[in-house]
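Okay, structure first, notes after.
The values are calculated or read from the model by the stated rules, or taken from the named source; none is laboratory data. Quick caveat: nothing in here was measured; it's all calculated off a predicted structure. Note that each Cβ is placed from the backbone with ideal geometry, even for glycine, and that neighbours are counted across all protein chains shown. Areas reflect the complete protein model, heavy atoms only, side chains present, ligands, DNA and RNA absent. Shrake-Rupley method; radii C 1.70, N 1.55, O 1.52, S 1.80 Å.
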Amino acid sequence: MSKSQHIGKAVVEENLITGFLNQPRIELHCMLLTRALTKQTPQLATKSISRANCFGSSIKMLPPLSDTFPDLIRSKFSSAVDAGSLTFTPSTEKDVPAGDLIFRVRVAPSLAQKPVPTREHDEAPKAKFNPFLNPEPDLFLCDLGDRYSLILNKFSIVPYHFLCITKKFEPQRAPLSEEDLSATWECLQANVKSGSRLLAFYNCGELSGASQEHKHIQFIPVPHDLKLLPDIALSYGIPVSKDAIGQFPTSHPGVAFAHFVLPVPKNPSTDDLVMRFSSLLARTLTTLREQGQRTISFNFAMTKDWMFLAPRGQESYGGVSVNATGMVGLLLAKSEEQLDFIKNTGPLEVTARVGLPRITEDEQQHDY
Ligand code: B4P
């Protein structure tokens, strides 16, 4: 690479990282993250470290969700469907094995009829409608502290799919903040369907599968006995480290795309969650940087047992759009043709094509 190419790359990288870190209320500028990010752009270290002092600063504790939240979500779901405010799309499920993993593919052909925003050719471009600024009353569940509202997903394919949205606009391309993680944990406690556990997911960045730009974390019930990719990855064991968490993130050895998993302890403190997210995010950002990605896109998924992050290099493959649920083993097919494509190509190949290749430990330079 020539000197000017090097400088060009450094400028792109600096703009990318600065833009990312300048998002409002990101409290994750801890030393770990800074060191991972700024290996090649040391001038950023000072700026980021100066913001790092908000790491560990006290945030307002969120009031717990009411014990009646599961009843609320069930009754609101039924009434929203009856009122025509919530479109519930029936789907079938097909399990597609891949090594010791099983990808559960939801097939929902009528999703193709979901309305997409249209624009008149001869009019000036209209601002994109933001459904989360004033959520529909029929979909509103409750507030969570001063900063969040919980609402039902308007276009569900699984019952009781709900979203935690920020009350004021915050960009979906920002990483999760300390308070976002705390809110996520609070929601994960809600047992909305018997025999299920909740899966939280966050599609961050333009290649992550996200369609809405206002910050929202999503929650769907998944069967207790369904082993997702992070469950299997953790069954291989977790390398021990001497850092504050005491563990290195692990990955499934048979999966080609870069992904990082850490177990979540029982009753974690907010710091426990932040340390894990920072550790996974540092590796995710390092992978994006090492592979010359010009946008920061990644998927986050979490249950009460683990936290997962995977960097993204592409939004879809072969017409199959993949979000965080797909990266942990729950793919969505919007036609029988898409299902056939997933079966013939193999779910690990589809996810590898939208993710990024794993990089070696040397390239990661994990000295934090
Ligand atoms: P994003 O993060 O922006 O995108 P997404 O979940 O990938 O869904 P997308 O909108 O791209 O829809 P898709 O056809 O792929 O999430 C935006 C969320 O806001 C979505 O849940 C959307 O439905 C919701 N929303 C939009 N307008 C709303 C409004 N006015 N009020 C409330 N909520 C609103 O997928 C269709 C649906 O299937 C999505 O809900 C998606 O989350 C879900 N899905 C995808 N894969 C799935 C899987 N494997 N299992 C279960 N559900 C799955």
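The figures follow:
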quantity	calculated
Options 229, 234, 207; residue that is within 16 Å of the ligand (Cβ to nearest atom) and farther than 30 Å from residue 135 by Cα	229
Filtered residue count, the stretch 164-189, keeping only those that are open to solvent by 10 Å² or more (accessible area, probe 1.4 Å) and either among the aliphatic types (A, V, I, L, M) or free of Cβ contacts under 8 Å to residues at least 24 places away in the same chain (or both)	1
Extreme residue, nearest to the ligand (Cβ to nearest atom), among residues of the stretch 139-179 that are part of a helix (DSSP H, G or I) and over 23 Å from residue 110 (Cα atoms)	179
Pick from the stretch 200-209, criterion crowded, with 21+ Cβ neighbours inside 10 Å and of a type outside the set (Phe, Trp, Tyr), ranking: nearest to the chain's Cα centre (by Cα)	203
Single unsatisfied condition, residue 314 versus (1) part of a loop (DSSP other than H, G, I, E, B); (2) in contact with a Pro (Cβ under 9 Å, 6 or more places away or on another chain)	(2)
Options 238, 220; residue that is open to solvent by 10 Å² or more (accessible area, probe 1.4 Å), aliphatic (A, V, I, L, M) and assigned to a strand (DSSP E or B)	220
Meets criteria (modelled with pLDDT under 95, more than 12 Å from the ligand (Cβ to nearest atom) and in a loop (DSSP other than H, G, I, E, B)) for residue 194	yes
Residue within the stretch 288-302 that is open to solvent by 20 Å² or more (accessible area, probe 1.4 Å), away from the ligand (no atom under 15 Å from the Cβ) and closer than 22 Å to residue 93 by Cα present	no
